[in-house]
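Presented below is the structure to which this report refers.
The values are calculated or read from the model by the stated rules, or taken from the named source; none is laboratory data. Quick caveat: nothing in here was measured; it's all calculated off a predicted structure. When we count neighbours, we look across all protein chains shown, and the Cβ atoms used for this are built from the backbone with ideal geometry, even at glycine.
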Amino acid sequence: MDQDPGREPPADGPHVRPAGAAFQDRIAAAFDITPEAREAIVRGMLDRSARGAAGYWLQLLLAMGIAALGLVLGSGAVVIGAMLISPLMGPIVELGMGLAIGSPFLALRSFTRVVFSIVTVVTGAALLTLMLPFQEVTAEIAARTSPTALDLLIAIFCAIAAAYTTVRPGSDTTSTAAGTAIGIALVPPLCVVGYGIGTRVKSIASGAALLFTANLCAILLFAILCFLLLGYGAVSTAELEHAELAKQKPGAIRRVARVLQVFFELRHGWIFRVMMPLALLGAVYFPLREALARVSWEVRVRGAIQRMLDALPQSTVRSSLTVDHGAVAVRLVTLGRADEAERIEQDLRDKIAAVAGMPPKVDVIAVLDASALEEVAASVRATSAPIDVVRKEPELVLLRQELAASLAGAWPHAAGPLVAWRLRFPENDPVVVEVVHVGPALGDAASDLLGRALSRELGAEVAVQDRAISPEPIVAE
């Protein structure tokens with residue numbers, strides 16, 4: 001049944017809490033919030049909810065387009081611009097106010113606008129993604145697909161800041177409002193959800209949806225708590241409610257508002273209103289906590305493995321490390337013998353397994369250096385027939401000396417430092433000089449020129465085979 005607009009709320013209802021009213025007034029006074037100011041804020045929210053719809057949807061669509069393109073381009077500055085334009089924080093805070101003061105009309109109308117806003121942004125971002133000529137997962141997109149409990153903590157602080165800017169409108173909170181809009185990031189996660197739907201990548205859509213849900217629940221819960229702490233629950237909204245409902249045509253909004261009013265006016269109705277966002281927040285906390293544990297594991301394992309790689313001998317010229325989703329992969333390029341590379345590989349495999357708690361994938365590639373080549377040549381001479389060793393050794397030593405001098409004079413400096421070289425004598429083919437260097441590959445033309453230069457110096461046909469090692473430093477992916 002309809003409530004009399006002039007009827008005051010019951011003394012034990014959700015609007016009057018004598019036990020804490022004095023404390024709430026003292027807290028509100030500390031922030032220069034008077035009872036009249038509280039009523040003005042609530043009246044403005046009830047009135048504002050029905051006005052400015054065209055401007056709201058225009059700003060929301062602009063924020064969606066800017067954020068979606070900024071995410072695809074990987075531009076953080078563009079995404080920040082979209083956050084500043086987005087008006088989505090307004091109806092979410094108004095929903096929190098409606099739940100705090102027990103206003104079914106304000107809560108219902110704000111909830112409807114929030115739901116339609118979510119659908120609009122996700123649908124628009126998905127359609128925009130389908131129209132793009134490319135779909136690449138940039139760093140800005142990836143950053144919003146793996147939320148953790150730390151993101152929830154950020155949302156809590158931003159929610160308190162949002163409540164503060166609501167109860168203290170004016171120039172003194174302008175910078176706070178801008179920082180809150182940037183920190184909470186409501187539209188970008190929704191755009192990433194649309195991107196995931198448009199590209200049909202479930203992990204992207206679900207991860208971004210979890211981030212947005214965590215932000216939404218944190219804003220609602222802590223906005224409600226802040227408004228209750230500042231005494232907004234004592235604001236009588238009966239007259240304001242009926243004035244707004246009188247403007248509405250008979251329909252679903254009025255019927256649902258009356259049903260909600262029954263729950264809101266229960267003796268402990270405020271507990272019901274607080275428990276709704278609290279239950280949602282508790283539901284998203286557990287996957288966020290698991291995600292934080294996974295990120296902590298990745299950081300700990302990556303740091304331990306990086307220290308292992310840094311402790312390797314200087315013969316290691318390049319390494320790559322990947323720690324992601326419970327998998328560890330290490331790839332090394334080292335100068336030395338194959339048996340030494342196998343020893344390093346097994347040692348790393350055992351140590352990484354002890355740190356990560358799982359078997360890693362370790363691949364160590366050995367590239368023979370000058371000393372290793374000398375050992376190979378010595379072993380070949382030692383296993384050959386004595387007469388052949390006596391006859392071949394002077395020629396081999398002389399040839400190596402001449403070749404070393406020729407390489408030193410003919411080696412192009414642009415190809416980087418020469419690390420090692422070795423000779424091969426294929427049957428019925430020219431002598432092959434295999435060169436190992438740190439730098440860009442020689443290419444066919446440079447290899448041919450170097451071969452000709454060596455041929456002139458040695459008086460025999462020589463072919464050059466190039467093995468280039470990337471000069472990139474040790475990286476952790």
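Could you grab the pairs with beta carbons closer than 9 Å, sequence gap of 6+ or different chains, first residue in the range 205-217 and farther than 13 Å from Ala155 by Cα, second one of a type in the set (Gly, Ala, Ser) and buried (at least 24 other Cβ atoms within 10 Å of the Cβ)? If the second residue must be of a type in the set (Gly, Ala, Ser) and buried (at least 24 other Cβ atoms within 10 Å of the Cβ), the pairs left are Ala205/Gly194; Ala205/Gly196; Ser206/Gly196; Gly207/Gly196; Ala208/Gly194; Ala208/Gly196; Ala209/Gly196. Has the range 445-463 got any residue that is in contact with a helix residue (DSSP H, G or I) (Cβ under 7 Å, 6 or more places away or on another chain), surrounded by 15 or more Cβ atoms within 10 Å (Cβ to Cβ) and in a strand (DSSP E or B)? Within the range 445-463, one or more residues are in contact with a helix residue (DSSP H, G or I) (Cβ under 7 Å, 6 or more places away or on another chain), surrounded by 15 or more Cβ atoms within 10 Å (Cβ to Cβ) and in a strand (DSSP E or B). Taken residue by residue, the range 354-364 has no member that is in a strand (DSSP E or B), modelled with pLDDT under 85 and either closer than 22 Å to Leu423 by Cα or aromatic (Phe, Trp, Tyr) (or both).
Considering only residues of the range 324-343 that are within 34 Å of the chain's Cα centre (by Cα) and farther than 22 Å from His437 by Cβ, which is surrounded by the fewest Cβ atoms within 10 Å (Cβ to Cβ)?
So in the range 324-343, the residues within 34 Å of the chain's Cα centre (by Cα) come out as 324-334.
Next, only the ones that are farther than 22 Å from His437 by Cβ stay: 324-330.
Values: Asp324: 11, His325: 9, Gly326: 12, Ala327: 12, Val328: 23, Ala329: 15, Val330: 22.
Only one residue fits best here, namely His325.
Pairing residues of the range 20-48 that are over 24 Å from Pro91 (Cβ atoms) with residues that are surrounded by fewer than 19 Cβ atoms within 10 Å (Cβ to Cβ), at Cβ distances under 7 Å and at least 6 apart in sequence or on separate chains, gives Gln24/Leu229; Ile27/Leu229. If you go through the range 407-429 and keep only what is surrounded by fewer than 15 Cβ atoms within 10 Å (Cβ to Cβ) and assigned to a loop (DSSP other than H, G, I, E, B), you end up with Pro412, Pro417, Phe425, Pro426, Glu427, Asn428, Asp429. For the range 117-126, indicate whether the set of residues that are in a helix (DSSP H, G or I), without any contact (Cβ under 8 Å) to a residue 24 or more places away in the chain and more than 27 Å from Val295 (Cβ to Cβ) is non-empty. Checked the range 117-126: at least one residue is in a helix (DSSP H, G or I), without any contact (Cβ under 8 Å) to a residue 24 or more places away in the chain and more than 27 Å from Val295 (Cβ to Cβ).
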